[in-house]
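Peer 1: Pasting a structure here, questions to come.
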Amino acid sequence: MNNSVSNTARLLWAGLRALLVLTLVTGVIYPLAVTGIAQGLFPGKANGSEIKADGKVVGSSLIGQFYNLPLKKGQQTPEPDLKWFQGRPANGLGRNSVNTRYTLLLSGATNLSADNKDLVQQVKAAKAAVVKDNSVPGYTVSSSQVPADAVTSSGSGLDPDISPDYAEIQVHRVAEKNGLSVAEVDKLVKDHTEGRTLGFMGEPRVNVLELNIALKDLVAKG
């Protein structure tokens, strides 16, 4: 009986020591080491790829934002602020009372099939809006010019980038709304267009937040 109690106590003490050691190694030492390495080698990525403007963090290069006008009294759906470049639709995001400006990050796609009536209607409405919003005196956008990313949300619903084609059809509208020349805004887009990763992975893209920050700076200089 005494041997049994002694063996049990010894096993419990061995298990407790293993628990303490593993907790120290995996719960303290390893996280601190990984955090230290990340902060030393990749501080920007380790801190969420933050983007700053005027000394303040205004977002992340990994997450899209809305650029809408404030809601008017009784208005349910905000209108886009057309002085800014607009990002992709975010139809895939979960909907609730606080998820109005990506405040609550709910990642997800629509999960609707290509022939789903709701999705087809969303795409048609989005295409019509893109044509209408970006057609200004002297420049008319046709339906055939509207790229897919202008009317569909990404798989996550949080895509921060748009295609150069979508950025280009917004140039004339942004120029007019901000009192800038088309050449100035077009150069802004080209300067913020990133090529394929390593030259062959992915597609060329434009980060909307970074582009709008540069636009704000350009307007301020004018």
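Peer 1: For segment 70-87, indicate whether the set of residues that are under 27 Å from VAL185 (Cβ atoms), at pLDDT 85 or above and among the acidic types (Asp, Glu) is non-empty.
Peer 2: Yes, some residue in segment 70-87 is under 27 Å from VAL185 (Cβ atoms), at pLDDT 85 or above and among the acidic types (Asp, Glu).
To keep it simple, each residue is scored yes or no on (1) touching a Gly at 6+ places or on another chain (Cβ under 9 Å); (2) free of Cβ contacts under 8 Å to residues at least 40 places away in the same chain; (3) in a loop (DSSP other than H, G, I, E, B); (4) surrounded by 11 or more Cβ atoms within 10 Å (Cβ to Cβ).
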{"residue": "THR35", "(1), (2), (3), (4)": "no, yes, no, yes"}
{"residue": "GLN39", "(1), (2), (3), (4)": "no, yes, no, yes"}
{"residue": "LYS45", "(1), (2), (3), (4)": "no, yes, no, yes"}
{"residue": "VAL58", "(1), (2), (3), (4)": "no, no, no, yes"}
{"residue": "LEU62", "(1), (2), (3), (4)": "yes, no, yes, yes"}
{"residue": "PHE66", "(1), (2), (3), (4)": "yes, yes, yes, yes"}
{"residue": "PRO70", "(1), (2), (3), (4)": "no, yes, yes, no"}
{"residue": "LYS73", "(1), (2), (3), (4)": "no, yes, yes, no"}
{"residue": "GLN76", "(1), (2), (3), (4)": "no, yes, yes, no"}
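Peer 1: Quick one: LEU158 ticks every box in (1) under 21 Å from SER60 (Cβ atoms); (2) modelled with pLDDT of 95 or more; (3) among the aliphatic types (A, V, I, L, M) except a single one, so which number is it?
Peer 2: All conditions pass for LEU158, except number (2).
Peer 1: Also: Going through segment 125-161 one residue at a time, which ones are of a type in the set (Lys, Arg) and in contact (Cβ under 8 Å) with a residue 12 or more places away in the chain?
Peer 2: LYS127
Peer 1: Just checking, how many residues over segment 111-151 are touching a Leu at 6+ places or on another chain (Cβ under 6 Å) and in a loop (DSSP other than H, G, I, E, B)?
Peer 2: Residues meeting the conditions: 1.
The values are calculated or read from the model by the stated rules, or taken from the named source; none is laboratory data. A quick note: this is a predicted structure, and the numbers were derived from the prediction, not measured. Note that each Cβ is placed from the backbone with ideal geometry, even for glycine, and that neighbours are counted across all protein chains shown.
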